[in-house]
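What follows is a short report on a single structure.
The values are calculated or read from the model by the stated rules, or taken from the named source; none is laboratory data. Treat the numbers as computed from the prediction; the structure is a model and nothing was measured. Every residue, glycine among them, receives a Cβ derived from its backbone with ideal geometry; neighbour counts consider all protein chains shown. With ligands, DNA and RNA removed, areas are computed over all heavy atoms of the protein, side chains included. Shrake-Rupley method; radii C 1.70, N 1.55, O 1.52, S 1.80 Å.
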Amino acid sequence: MIVTGGASGLGLAMAEAMCEGGAKVVLMDLDEAALTREVARLSGLGQLVAGRRLDVVDRADLDRAFDEVAAREGRIDTVFANAGIDPGPGFAARDADGQLSDANRIEHYADARWARVMRVNLDGVFYTLRAAARHMRPQGAGSIVVTSSISALRPSAALASAYAASKAGAAQLMRHLALELAADGVRVNAVAPGPFATNIAGGAMQDADKRAAFAGIVPMGRVAEVEEIKGLALFLASSASSFITGQQIAIDGGASLSAARQ
Ligand SMILES: NC(=O)c1ccc[n+]([C@@H]2O[C@H](COP(=O)([O-])OP(=O)(O)OC[C@H]3O[C@@H](n4cnc5c(N)ncnc54)[C@H](O)[C@@H]3O)[C@@H](O)[C@H]2O)c1
């Protein structure tokens, strides 16, 4: 089982859940220090865990990394296409009057920010799904889980336009590939998290004010802890979801139900 962006946050929790379920896990991530630390920690729990430095936008290296796992393990059963970014600094940023911050307004939105978000969140997911399909279609089995966002379901002024567009693109790519791979026994689904306390956007979700702002858009009134992704990750990876494909499942304390403001 492979998880991209597996050395932190939601990806790490997904990897931990799979370890707890007895799977062999390969964490792939840009951050080598975090990879080393988390592989050691999960291995210490008695699990078979490996780490591989990977930038998901480096498609040649991504193909190599997947080939290495398949050569060693004989197959790739589950792939979490999870690596993603929100580049800030506009993350959850509002001006003093409570309005959307200038940094997130389309008139000021820099080309380089747009390109970076699309590159990681959309191109990176495409490369990951393509590499997964190259192994899973011949196997005649597999489960792929994309980490989308409630931004793909409802717009939020707390996040940038590029982020919402990238996640909606990833969600539609997931649906397309679910259809394309269904007859070959490969399922493709997505999780759409609401706010989770991870290290995204340079750790913005660890900031008390930002957390409070996000808690305000959640009917359950709080930001989620990363462990709360585990049940859904296990469900989608396992045969418990054997007849489910092409679905995006929100895990958001009801946030996608509430009306968007601004
Ligand atoms: N935290 C939230 O509130 C939230 C909500 C909805 C969706 N998401 C999505 O969840 C996914 C995981 O984010 P997170 O919140 O756990 O953040 P995080 O920053 O804690 O973890 C992301 C991990 O991905 C890695 N990464 C970033 N760019 C990469 C690249 N190009 N190649 C390989 N690895 C890379 C980082 O090094 C990091 O370890 C992202 O796709 C994010 O958009 C997060």
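Residue 188 falls short on exactly one of the conditions (1) without any contact (Cβ under 8 Å) to a residue 60 or more places away in the chain; (2) farther than 15 Å from residue 148 by Cα; (3) β-branched (Val, Ile, Thr), and that condition is (2).
Looking only at region 43-91, residues that are modelled with pLDDT under 95, at negative phi and open to solvent by less than 40 Å² (accessible area, probe 1.4 Å) come to 3 in all.
Applying the set (1) modelled with pLDDT under 90; (2) in a loop (DSSP other than H, G, I, E, B) to residue 210 leaves exactly one unmet item: (2).
Hey, among the residues in region 179-203 that are part of a loop (DSSP other than H, G, I, E, B) and within 8 Å of the ligand (Cβ to nearest atom), which one's surrounded by the most Cβ atoms within 10 Å (Cβ to Cβ)? If you could, list the steps in order and put the result at the bottom.
Initial filter on region 179-203 (part of a loop (DSSP other than H, G, I, E, B)): 185, 194-195, 197-199.
Going one step further and asking which of them are within 8 Å of the ligand (Cβ to nearest atom), we end up with 194-195, 197-199.
Working: 194: 23, 195: 27, 197: 17, 198: 23, 199: 16.
Ranking the qualifying residues of region 179-203, first place goes to 195.
Residues that are over 30 Å from residue 181 (Cα atoms) and in contact (Cβ under 8 Å) with a residue 24 or more places away in the chain within region 228-262 comprise 253, 254, 255, 257, 258, 260, 261, 262, listed in sequence order.
The single condition among (1) assigned to a helix (DSSP H, G or I); (2) within 11 Å of the ligand (Cβ to nearest atom); (3) under 27 Å from residue 222 (Cα atoms); (4) more than 12 Å from the chain's Cα centre (by Cα) that residue 156 does not satisfy is (1). Got at least one residue in region 231-246 being more than 10 Å from the ligand (Cβ to nearest atom), open to solvent by 10 Å² or more (accessible area, probe 1.4 Å), outside any helix (DSSP H, G or I) and of a type in the set (Val, Ile, Thr)? So far as region 231-246 goes, yes, one or more of its residues are more than 10 Å from the ligand (Cβ to nearest atom), open to solvent by 10 Å² or more (accessible area, probe 1.4 Å), outside any helix (DSSP H, G or I) and of a type in the set (Val, Ile, Thr).
Here's the yes/no breakdown for (1) aliphatic (A, V, I, L, M); (2) modelled with pLDDT of 95 or more; (3) touching a strand residue (DSSP E or B) at 6+ places or on another chain (Cβ under 6 Å); (4) surrounded by 24 or more Cβ atoms within 10 Å (Cβ to Cβ):
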{"position": "128", "(1), (2), (3), (4)": "no, yes, yes, yes"}
{"position": "148", "(1), (2), (3), (4)": "no, yes, yes, yes"}
{"position": "160", "(1), (2), (3), (4)": "yes, no, no, yes"}
{"position": "164", "(1), (2), (3), (4)": "yes, no, no, no"}
{"position": "175", "(1), (2), (3), (4)": "no, yes, no, no"}
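Taken over region 6-34, the residue count meeting the criterion of being under 23 Å from residue 74 (Cα atoms) and either among the aliphatic types (A, V, I, L, M) or assigned to a loop (DSSP other than H, G, I, E, B) (or both) is 13.
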